[in-house]
1. If you count, for each residue, the other Cβ atoms within 10 Å and average over each peptide, how do A:217-225, A:620-628 line up from highest to lowest?
2. Of B:83, B:215, B:189, which has the largest mean-square fluctuation in a 10 Å C-alpha GNM of chain B?
3. Be a star and scan the stretch A:291-305 for residues whose amide nitrogen sits under 17 Å from the point 7 Å along the Cα-to-Cβ vector of residue B:134.
4. Residue B:18: net charge of surrounding residues, Cβ under 14 Å, Lys/Arg +1, Asp/Glu -1, itself excluded?
5. By how many nm would the segment from residue A:617 to residue A:94 lengthen if fully extended, with 0.36 nm per residue of separation less the alpha-carbon distance?
6. How well do other chains shield peptide A:705-718, expressed as the mean number of their Cβ atoms within 10 Å of each residue Cβ?
7. For peptide A:695-701, compute the average count of partner chain beta-carbon atoms within 10 Å of each residue's beta-carbon.
8. Tell me the relative contact order for chain B as a rounded percent, counting alpha carbon contacts under 8 Å between residues six or more apart.
Amino acid sequence: MSNETFFRRLDEYLPDQAPPPGNTGPVKWLRENLFSGPVNSIATVLIVAIFGTVIWGFFNWFFLTSTFHGETQQACRMATQATLLEERMGSLRSEQRRLDRISGVEGSAFDDRRFKAFVNNLGNLASKDIPKSYADLLKNADWVALNRAEIAKYEAAQAGRLEAIEAWIEAGGVGEAPGRTRDPKLKKAYDGNTVHPDAEKFFIDGPDQLDWQGAGATIASALQARDLAKAQEGIEALRPFVDWGKANNGACHTVLKKNYWQLLVNAYDRDQLWRPILVALLLIPVLAFVMVPRLREGSVGMVLGISTGLFPFVAFFVLSGMALKLSHFEPIQGAYPNIPIEELTQHQMDDALAEVGLRLSRQNGQWVEGQSLEFVDQWSVRLSTGEVTDVLPAGFGRTMYGLTASFNSVTSSESGRLLIAATALVFLVVLGLLIAQTRFGRVARPFLRFLQFVAGFAIVIAIWGTVINNPHFEHKRGLLDLTADPLEELAPEELEAKYGAHTQLGRLPKGVQLTALMTRDPNAIGVTQADQDAAWADIVDNPVYDMNRDGVVNAQDDVNGDDRINATDLAESRGDHAPGNIVFLTHVPVENTWGGILITMILGLIGSAFALRAGILLALGRQSTLPVVRYLSTGFIEGMRGGPLITILIMSVFVLPLILPIQFQPQPLVATLVAVCLFGTAYMAEVIRGGLQAIPKGQYEAAQSLGLSYWQETNLIIVPQATRTVIPAIVNTLIGLFKDTTLVIVIGLLDVLTVMRNKIVTKVEWNQTLMEGLIYVAIFFFIFMFGLSRYSMWLEERFGILKQR
Amino acid sequence: MENIVSISGLNKWFGTFHVLKDIDLAVKPKERIVIAGPSGSGKSTLIRCINRLEEHQRGKIVVDGVELTNNLEQIEAIRREVGMVFQHFNLFPHLTILENCILAPMWVRKMPRKEAVDRAMYYLERVRIPEQAAKYPGQLSGGQQQRVAIARSLCMQPKVMLFDEPTSALDPEMIKEVLDTMIELADEGMTMLVVTHEMGFAKKVADRVIFMDQGQIVEVAPPIEFFERPKSERLKEFLADILYDKQDNA
């Protein structure tokens, strides 16, 4: 080593140089990530291969060969069977070859089972399900929203084209061929309802006179005779159809297209569809508040914040219209004020108590609760005197009875209702001002927000009940009822132009009939009063009118209990004076009535919102220095986590009503909601506790040394840090909770999965599409869950500054 | 002049371990006191007792005329008047520098936001980092963070400042900037109790230096006496230990 290298003096710093090639950009990325070594390279290739195969298979099935435009189940089934035709034929041929090889004889007998399946397929193919032409397909399809006349016109135009083409060919094919009809209106109507282009080509342009029955018979007899070559000829006769089917043998994307509404909300009464639509509209400010930080400031932020806090309750109330029900005896008396209770019929009693979810039956002249036999004695109710108040227990129940009674007297008058609405609005505004602006609000904000969360429920009930369901504002419901049939607004001549001169009620299209029955002025829509009366008489004598649209005419449809199902029932069931509706908004029972994505969202979102807030309190409780609080919190968490959600759901819906006093019977949806909320809370509490433990002692000390009180310290310093530390775990829990809501099937609520499985794909016309249905549900969940996890990643990035402690 | 902090007969135990034994100490307004001693001697515990981060079991602590008892209101009243700076800064990492500074004035003193911001900016300028106000603590160097911590305490306009080894967690390059800030503060007449190993700072600033060992106050003297003419053997040993490689710094 020379002195020059040992002693060195730097006179000039070297300039920065560019990195060697291959050390930047995509090349670098590939080299470092995918091909960094032999093992990694092999793994990369393998993964790409496996992934590619699976994805490609799925992609092909789901998109490329799917009967994407097959608007009907028929098209889908035809495609499937056409493919089977080819496949079975192929397998029969190879089977034949195998047998021939073994026996050494050509044309040996083959497996009967396969043979039968094949012939069965052909039988199906030739059966009456299979339309003979595109026109036939259109006629059979219940989805055809096209005006028949328009279809006829279109078909005529098509026929004209064929004639023109024939003429053109005869004339030697000189010049341009006559094109398809260019009528834009017809084209639009046609495009919206077309089957797959290939099918169209086959059915319209192809041999319309394809001999299905004949070909089927040929194949069948050829197979009977073990003549595969002849059978193949029969298949060749059906070649265009088989080719079309093979090209379109994938997913049937018809399920969602036709059933999206049911998937969303299941079977809401058509008149009640304004509810989910309104809720969706109300969701807009909530999303704005959550997504756009700028909107969280100032008075706009205040208003949006309040809407966000109130949203779960508004949504819940609007959707289910749950009535305030504090006493079971109130509705009995309210519904039948002039009949002594022991003289009520069973119908009347059921009717009066339907809202409460309680069923009394008569035993030995007394009304007893009849739902759970084991508990009859315990909960039997003596109603021997006509005086309702006599059977109310003293104390809370009686007080509440008095309160609801006086409340009713206020709400029964127009001015009273308006007064309540005005008071509620003022209260809301004052509350908001308090929370947002004042010093008191600043100190107490976290607690008030929680209170506000709860108080919103009561306020919403008052406002909704007062404005929306008030007969005085009846016309406003029409505005909200976006799906209402606008028939009543049409002039008679317009009606006639649209629907033809139908004056007989029975001949009106299905949707019109309901309106015609319900309208107060039948003459306005070209139906005579006599027609209407006759239609009603028909219904009364033969009660097919199904009040709940659940396909079953039952005692509940006889709302007013006169053993006839008629207009009065209908009016009462949807009216504002339905018995038991103390607070105006008609109750829509959730079981079997509505559900779908709506139920999933309600349970998931409200459950998450509640779990997050209550989980924080519970986690703090578990860390509390007060033994009582600590043990109660710990006990609750361990108890709730100890059982599976399914048992807790069952307990809350079926067992809780047996334990609770008669005044507090929860509705199934409420019970479910509470169960989901509490279950989520227990898990969330443990997650938050993990976050609390990650906070250094110094943070507590710093907060204390500045003079912050315990709650200030908790709200301003500890909880924000604790939650941010455990964002991934929180999101994990929320995702789990959201997906767990599919378990509500066990208590009869129809969430999105159940609607798909039990309602949509069990219909005869959709019964081969379970796979597609499940995929759609999976996609629905994936979109939500993936969105949630992206959101959490964004949050983590935003709060990533925390990590640089 | 009346004492702003007076401690008499203070005893504290951690479990069965007797940490502080019969401490008596009186601090006058504007007095600067440096507390030194080997680790485990109870220095930190003593000043943490003054704003009740540690509970004492016997004796009496009176701060600004208010006695420290279990009464939560009295504790909070004292904490409002006593600022504290920690070894590990303990800034709130989820808040910006400015938010760190205005938090306590707004919530504890109920000061309007605008006023709190003005005051925070004033003190941030005093510690010479106003340009960092919008950043988060994690983006600042250790020295800057400690200066923010000092500003955060000052925003409450405390009557007494406690420093618990404010420079121990800092890189040597950053110690000076913090010490300079503390010296400025001392020159303005703030009452300070400082636990530190920076003997240079003690010599320059302190009115009195306290030497603690095994939970007791062994010696109290003005800095010149303390460093030039230590009386107790234990202090002599201690000074010999720490001054071995720190002579140049002084």
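1. On the way: A:217-225: 16.7, A:620-628: 14.0.
Top of the packing list down: A:217-225, A:620-628.
2. B:189
3. A:293-294
4. On the way: positive: B:12, B:21, B:58; negative: B:22, B:54, B:213.
Result for the neighbourhood of residue B:18: 0.
5. Details: separation 523, 0.36 × 523 = 188.28 nm, distance 7.03 nm.
Residue separation times 0.36 nm, minus the Cα-Cα distance, leaves 181.2 nm.
6. So the per-residue partner count for this stretch is 6.
7. Counting Cβ atoms of other protein chains within 10 Å of each residue's Cβ and averaging gives 4.
8. Values: 437 pairs, mean separation 62.9, N = 250.
Computed value for chain B: 25 percent relative contact order.
The values are calculated or read from the model by the stated rules, or taken from the named source; none is laboratory data. Keep in mind the model is a prediction, meaning the values are calculated, not measured. Methodologically, a virtual Cβ is constructed for each residue, glycine included, from the backbone with ideal geometry; neighbour enumeration extends over all protein chains shown. To get the accessible areas, we keep the full protein, side chains included, count just its heavy atoms, and leave off ligands, DNA and RNA. Shrake-Rupley method; radii C 1.70, N 1.55, O 1.52, S 1.80 Å.
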